[in-house]
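**Student:** This is the structure I have questions about; it appears just below.
The values are calculated or read from the model by the stated rules, or taken from the named source; none is laboratory data. As the structure is a computational prediction, the values presented were derived from the model and not from experiment. Heads up, the Cβs are rebuilt from the backbone with ideal geometry, glycines too, and the neighbour counts pull from every protein chain shown.
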Amino acid sequence: MPRYFFSASDADGDETGTELRDHAAARRFVIQFAGEIMNDQPDVLWDGREFSIFVTDELRRLLFTIKMVAVNAPAGEGTE
């Protein structure tokens, strides 16, 4: 089975990787991984920077990227 590596923009790179059946399984995995990060660390989006998760293959070629950013609307500025 192919090995995929999932690295968040605010963390060290994934050195272990995860064996998954194919690219479709890696896409599902990265969505779940992003959800876990948002659940465990919701403030990661509210610092004004884009948060990304990069998915690479065994040769460390970039396959796809998840990008997330939160933006306050004018009515939400300064609210806690």
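**Student:** Return the pair list, or none, for Cβ contacts closer than 9 Å from residues in the range 14-40 that are under 25 Å from V69 (Cα atoms) to residues that are assigned to a helix (DSSP H, G or I), at least 6 apart or on different chains.
**Tutor:** I37/V44; M38/V44; M38/L45
**Student:** Can you find, within the range 1-17, the residue that is nearest to the chain's Cα centre (by Cα) among those that are at pLDDT 85 or above and among the aliphatic types (A, V, I, L, M)?
**Tutor:** Residue satisfying both the conditions and the ranking: A8.
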